[in-house]
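Here is the structure we will look at, set down as structure tokens.
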Amino acid sequence: MEILEDEIVKRQIEDVFSKQRVQALKMRSSKPSQRIEMLKKMLDWIQIHQEDIRKAVHADFKKPYPEIDISEIFVVTAEINHAIKNLEAWMKPKKVSTPKTLLGTKSHIQYEPKGTCLIIAPWNYPFNLAIAPLVSALAAGCTAIIKPSEMTPHTSALIRRLVEEVFDQHNVAVFEGEIPVSQMLLAKPFDHIFFTGSPAVGKMIMKAAAEHLTSLTLELGGKSPAIIDRQADLQDAAAKIIWGKFVNCGQTCIAPDYILVDELVKEDFLTELKIQLLKMYDADAKGIDKSKDYARIVSQKHLQRLKRMLSDANLKGAKTIFGGGISETDNYFEPTLLTEVTDEMDVMQEEIFGPILPVLSYTDLTVAIDYINKRPKPLALYAFSKDKFTTDQILQQTSSGGAVINDCVLHFLQNELPFGGVNNSGMGKAHGHHGFLAFTNEKAVLNQRIGLTTSKPLYPPYGITGKKIIQALIKWF
Ligand SMILES: NC(=O)c1ccc[n+]([C@@H]2O[C@H](COP(=O)([O-])OP(=O)(O)OC[C@H]3O[C@@H](n4cnc5c(N)ncnc54)[C@H](O)[C@@H]3O)[C@@H](O)[C@H]2O)c1
């Protein structure tokens with residue numbers, strides 16, 4: 001039975017893929033207006049169906065409505081509006097200057113759609129991370145197949161509905177399902193794959209893409225540190241860290257994964273963290289589990305993973321200074337602060353991706369910088385200090401996909417910035433113009449004037465004139 005179902009899905013994929021291939025050729029000559037029309041149709045659908053989006057995401061992991069509004073709906077509508085506003089300029093061929101050695105020619109970059117693309121999405125921002133890359137793909141003139149996460153079935157079904165109501169299958173299609181569906185899709189020779197997920201799965205995607213030498217954007221995760229310098233505004237930093245860490249119940253790729261705080265201000269900062277936690281999630285002292293503003297862990301599997309991580313830390317000597325409460329019945333995991341953390345603990349070995357925040361301290365900033373540099377390059381890095389010399393030092397001496405000074409997570413909302421990782425945290429960039437470029441082949445076009453062949457002496461049979469020209473080129477250009 002299962003084999004038969006797999007065969008049916010495989011055939012459907014083949015059918016949609018070949019239709020999209022044909023359409024992708026037509027889209028090569030699509031005008032900005034045609035692409036904008038598709039984006040506007042999608043924008044209208046999202047505006048009208050906001051409540052459906054809220055209900056779907058909430059049904060998946062009780063994400064609070066205001067968080068859905070900002071991180072799932074607004075982020076996507078902003079991405080669409082930004083693309084609509086700028087698309088004509090992005091698509092315009094870009095003239096480049098001509099070196100003296102190529103006098104008589106002229107050159108430009110032509111922004112050609114890559115073609116038929118695959119978007120594989122994770123569960124943690126299930127609507128945003130499937131639809132925002134689609135915005136870039138459509139802006140670039142590509143066709144796309146989306147594989148949403150199987151962990152958020154309500155949102156995946158809604159994404160399918162959106163796509164079926166707004167697009168023809170030959171432009172955009174959705175295939176829901178688990179890993180086998182992903183693998184069937186990955187077997188096709190796509191022109192670009194945009195994957196958002198874990199580094200471990202990212203490696204598998206890269207192997208599959210290598211089979212067809214398909215280009216890739218890998219939006220991965222990792223352990224993003226936050227440095228709290230002795231000159232930071234501790235209250236301000238604590239509030240921002242608590243929001244950035246515990247929004248979406250810690251299930252955010254760019255959440256501060258762990259803190260490095262100057263020993264001198266550690267105790268004061270820990271006090272501020274606790275104050276801010278209670279202020280945001282337990283203002284009426286009824287317990288954080290009663291807060292309607294705190295989401296849940298997406299699945300039992302992830303709840304058990306986090307539970308194991310916490311016991312491992314406690315067993316190895318970590319101190320839980322706040323939280324630690326778990327309710328298995330509704331996937332509740334209390335915001336948890338840990339101190340006395342060491343490198344041997346799982347919390348410092350793996351991306352936490354949940355509401356556990358280890359706080360480590362340092363006595364010298366260079367030690368904190370070395371600590372970060374000894375680990376895989378993170379997706380984001382946050383530095384809190386009023387001293388510009390300190391924040392400059394951190395920026396210059398560490399490598400990360402993105403960085404924010406005196407705040408966290410906000411760079412995700414800045415469409416003019418390239419969003420993405422570096423090495424273990426990803427490759428390629430998303431958002432705005434950078435997202436458009438991810439789905440675009442920047443075709444190099446050189447125009448030679450007919451009859452003008454400055455290079456004739458350089459053609460065989462090679463003679464003395466050619467040799468002299470080459471020597472002159474080496475010497476002067
Ligand atoms: N950089 C970013 O923008 C960003 C954003 C969100 C999440 N993330 C990262 O994503 C991870 C959490 O999301 P997740 O648990 O959904 O990630 P995941 O890697 O487990 O899954 C992502 C997608 O890949 C598919 N998949 C899983 N295993 C596969 C396999 N073997 N072959 C083919 N496809 C497979 C899943 O069905 C899902 O659609 C975290 O590491 C997080 O940091 C990164």
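The values are calculated or read from the model by the stated rules, or taken from the named source; none is laboratory data. Quick caveat, the model's predicted, so the values are computed rather than measured. Backbone-built Cβ (ideal geometry, glycine too); neighbour counts: all protein chains shown.
Identify, from the list GLU164, GLU211, GLU176, the residue that is within 15 Å of the ligand (Cβ to nearest atom), within 19 Å of GLU14 (Cα to Cα) and part of a helix (DSSP H, G or I).
On inspection, the qualifying residue turns out to be GLU211.
Given the criteria assigned to a loop (DSSP other than H, G, I, E, B) and within 16 Å of the ligand (Cβ to nearest atom), does CYS249 qualify?
Considered against the rule, which asks whether it is assigned to a loop (DSSP other than H, G, I, E, B) and within 16 Å of the ligand (Cβ to nearest atom), CYS249 comes out as no.
Restricting the search to the range 137-155, which residues are of a type in the set (Gly, Ala, Ser), part of a helix (DSSP H, G or I) and within 15 Å of the ligand (Cβ to nearest atom)?
Correct list: empty.
A quick yes/no check of all residues on (1) surrounded by fewer than 24 Cβ atoms within 10 Å (Cβ to Cβ); (2) closer than 30 Å to MET184 by Cβ; (3) without any contact (Cβ under 8 Å) to a residue 60 or more places away in the chain:
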site	(1), (2), (3)
GLU88	yes, no, yes
VAL96	yes, no, yes
HIS108	yes, no, no
ASN124	no, yes, no
PRO133	no, yes, no
ALA137	no, yes, no
ILE146	no, yes, yes
SER156	no, yes, yes
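Within the range 423-477, can you find the residues that are more than 44 Å from the chain's Cα centre (by Cα) and on the phi > 0 side of the Ramachandran plot?
Of everything in the range 423-477, just one residue is more than 44 Å from the chain's Cα centre (by Cα) and on the phi > 0 side of the Ramachandran plot, namely GLY451.
I need the full set of residues from the range 1-45 which are within 15 Å of ILE145 (Cβ to Cβ) and among the aliphatic types (A, V, I, L, M), in order please.
VAL9, ILE13, VAL16, VAL22, ALA24, MET27
For every residue, the table says whether it meets (1) aliphatic (A, V, I, L, M); (2) at pLDDT 95 or above; (3) within 15 Å of the ligand (Cβ to nearest atom); (4) under 29 Å from PHE322 (Cα atoms).
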residue: PRO358; (1), (2), (3), (4): no, yes, no, yes
residue: LYS374; (1), (2), (3), (4): no, yes, no, yes
residue: ALA383; (1), (2), (3), (4): yes, yes, no, yes
residue: PHE389; (1), (2), (3), (4): no, yes, no, no
residue: LEU395; (1), (2), (3), (4): yes, yes, no, no
residue: ASP407; (1), (2), (3), (4): no, yes, no, yes
residue: PHE412; (1), (2), (3), (4): no, yes, yes, yes
residue: VAL422; (1), (2), (3), (4): yes, yes, yes, no
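Out of all the residues in the range 78-126, which are farther than 30 Å from LEU458 by Cβ, assigned to a loop (DSSP other than H, G, I, E, B) and of a type outside the set (A, V, I, L, M)?
Of everything in the range 78-126, those that are farther than 30 Å from LEU458 by Cβ, assigned to a loop (DSSP other than H, G, I, E, B) and of a type outside the set (A, V, I, L, M) turn out to be LYS92, LYS114, GLY115, PRO122, TRP123, ASN124, TYR125, PRO126.
Tell me which residues, restricted to the range 325-356, are over 19 Å from PRO256 (Cβ atoms) and either part of a strand (DSSP E or B) or small (Gly, Ala, Ser) (or both).
GLY325, ILE326, SER327, TYR332
Restricting the search to the range 107-128, which residues are within 16 Å of the ligand (Cβ to nearest atom) and in contact with an Asp or Glu (Cβ under 8 Å, 6 or more places away or on another chain)?
Matches in the range 107-128: CYS117, TRP123, TYR125, PRO126, PHE127, ASN128.
Looking at the range 321-353, which of the residues that are surrounded by 14 or more Cβ atoms within 10 Å (Cβ to Cβ) and of a type in the set (S, T, N, Q) is nearest to GLN300 (Cα to Cα)?
ASN331
Name the residues in the range 179-208 that are more than 23 Å from LYS377 (Cα to Cα) and within 11 Å of the ligand (Cβ to nearest atom), would you?
Selection gives ILE179, PRO180, VAL181, SER182, GLN183, MET184, LEU185, LEU186, ALA187, ALA208.
Can ALA132 be described as over 28 Å from GLU2 (Cβ atoms), of a type in the set (A, V, I, L, M) and either within 14 Å of the ligand (Cβ to nearest atom) or assigned to a strand (DSSP E or B) (or both)?
Details: over 28 Å from GLU2 (Cβ atoms): yes; of a type in the set (A, V, I, L, M): yes; either within 14 Å of the ligand (Cβ to nearest atom) or assigned to a strand (DSSP E or B) (or both): yes.
Against the criterion (over 28 Å from GLU2 (Cβ atoms), of a type in the set (A, V, I, L, M) and either within 14 Å of the ligand (Cβ to nearest atom) or assigned to a strand (DSSP E or B) (or both)), ALA132 qualifies.
So, ASP293, is that one assigned to a helix (DSSP H, G or I) and touching a helix residue (DSSP H, G or I) at 6+ places or on another chain (Cβ under 9 Å) or not?
no
What tally of residues in the range 399-428 results from selecting those that are under 25 Å from ALA438 (Cβ atoms) and in a loop (DSSP other than H, G, I, E, B)?
So the first thing to find is which residues in the range 399-428 are under 25 Å from ALA438 (Cβ atoms), and the list is 399-404, 408-428.
Narrowing further to those that are in a loop (DSSP other than H, G, I, E, B): 399-401, 408-409, 414-418, 420-422, 428.
Here the count works out to 14.
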